[in-house]
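**Student:** First, the structure itself, so that you have it in front of you.
The values are calculated or read from the model by the stated rules, or taken from the named source; none is laboratory data. No experiment lies behind these values; they were computed from the predicted model shown. We place every Cβ from the backbone using ideal geometry, glycine too, and count neighbours over all the protein chains shown.
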Amino acid sequence: KLLDRTPKPLSGKTIIMTSGPTHEPIDPVRYIANRSSGKQGHAIAAALARLGATVRLVSGPVNIPDPEGVSVIHVESAREMRDAVEQLLPADAAVMVAAVADWRYANEANEKIKKHPGEKAPALQMVENPDILAGVGHSKLRPRLVIGFAAETQDLLINAQKKLDKKGADWIVANDVSHTKGVMGGDRNAVRIVTHTGVEEWPDMSKEEVAERLAQKIATALQQLEA
Ligand code: CTP
Ligand code: CA
């Protein structure tokens, strides 16, 4: 087989990504999680790699294989994900797709919490997790293109626009995760790309197609930033 030497649009570009859920420990055997499958993030990582990018993916616990052509760091908690992402900076772009737990249990126990029948059930006091996307978006080593996702069940566009500023992001890929849509864990996605200049509405398509299209859009944007 001949080597394909056609230059790819993202050759020489490094892109940091997060994907999947995080698991926040309660004790050695229990954790708090969410319904993210990692399908959308992993598909984007693979699509960026196909366009020639060096993709460094920090993945939470998922049940799908590592995307082809991508170097993957596996983590569990939000704090581990944040540490791994910080180590990977600088980069040309960051695409943060992970469904990072907003809170973690404040008093992680080193031993399994025992049940004492008749006693009060434990009250899980929570503390806020670091915002990984905001950390990257406001970093001294900020990539030229910073992209976040926004899972919303209501006021999709208003909430996504607020997140642009709060997170220091260039684009927010907004999707509706209200119960009826089955986005989380499902195979399809209808997204809107919210930027400082407007909103692009994409039709319902497979997560693979969303990934393909987003990777192309990222390649075009990085080329324009360079020109
Ligand atoms: N994100 C992150 N770290 C967090 C929370 C979110 O990096 N601790 C990132 C997600 O990966 C996503 C974006 O921020 O790219 C938006 O996540 P989302 O959960 O929609 O926003 P939040 O700011 O957490 O607000 P809320 O959950 O209240 O809507
Ligand atoms: Ca959140």
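**Student:** Picking from V199, V173, which residue would you name as being hydrophobic (A, V, I, L, M, F, W, C), more than 27 Å from L89 (Cβ to Cβ) and in a strand (DSSP E or B)?
**Tutor:** It is V199.
**Student:** Only one of K115, K163, K120 is within 16 Å of ligand 2 (Cβ to nearest atom), of a type in the set (K, R) and out of contact with any Cys (no Cβ under 7 Å at 6 or more places or on another chain); which?
**Tutor:** Checking each option against the conditions leaves just K163.
**Student:** Turning to a different aspect of this structure: Across segment 8-34, what is the number of residues that are part of a loop (DSSP other than H, G, I, E, B) and within 23 Å of A169 (Cβ to Cβ)?
**Tutor:** 6
**Student:** Further question: Given the residues P28, P61, which is the only one that is surrounded by fewer than 16 Cβ atoms within 10 Å (Cβ to Cβ) and over 18 Å from V127 (Cβ atoms)? Working first, answer last.
**Tutor:** Values: P61 fails: surrounded by fewer than 16 Cβ atoms within 10 Å (Cβ to Cβ).
Every option except P28 fails the conditions.
**Student:** Could you list, in sequence order, the residues of segment 116-136 that are farther than 11 Å from M96 by Cα and either touching a Pro at 6+ places or on another chain (Cβ under 8 Å) or among the β-branched types (V, I, T) (or both)?
**Tutor:** Passing the criteria: only V127.
**Student:** Here are some residues: E80, E68. Which one is away from ligand 2 (no atom under 16 Å from the Cβ), surrounded by fewer than 24 Cβ atoms within 10 Å (Cβ to Cβ) and under 22 Å from S206 (Cβ atoms)? If you could, list the steps in order and put the result at the bottom.
**Tutor:** Working: E80 fails: under 22 Å from S206 (Cβ atoms).
One residue alone meets the criteria, E68.
**Student:** Of the residues that make up segment 43-64, is at least one of a type in the set (D, E, K, R) and within 13 Å of the chain's Cα centre (by Cα)? So that I can check it myself, show each step before the final result.
**Tutor:** Here is the first cut: in segment 43-64, the residues of a type in the set (D, E, K, R) are 50, 56.
Checking which are within 13 Å of the chain's Cα centre (by Cα) leaves us with 56.
Taking every residue of segment 43-64 in turn, at least one turns out to be of a type in the set (D, E, K, R) and within 13 Å of the chain's Cα centre (by Cα).
**Student:** Being touching a Ser or Thr at 6+ places or on another chain (Cβ under 9 Å) and either within 13 Å of ligand 1 (Cβ to nearest atom) or part of a loop (DSSP other than H, G, I, E, B) (or both): is that true of V72 here?
**Tutor:** It is false that V72 is touching a Ser or Thr at 6+ places or on another chain (Cβ under 9 Å) and either within 13 Å of ligand 1 (Cβ to nearest atom) or part of a loop (DSSP other than H, G, I, E, B) (or both).
Here's the yes/no breakdown for (1) within 13 Å of ligand 1 (Cβ to nearest atom); (2) surrounded by 12 or more Cβ atoms within 10 Å (Cβ to Cβ); (3) modelled with pLDDT of 95 or more:
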{"site": "Q87", "(1), (2), (3)": "no, no, yes"}
{"site": "H116", "(1), (2), (3)": "no, no, no"}
{"site": "K140", "(1), (2), (3)": "no, no, yes"}
{"site": "I147", "(1), (2), (3)": "yes, yes, yes"}
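**Student:** In addition: Given (1) out of contact with any Asp or Glu (no Cβ under 9 Å at 6 or more places or on another chain); (2) within 13 Å of Q40 (Cα to Cα); (3) within 16 Å of ligand 2 (Cβ to nearest atom), where does A211 come up short, assuming only one miss?
**Tutor:** (3) is the only condition that A211 fails.
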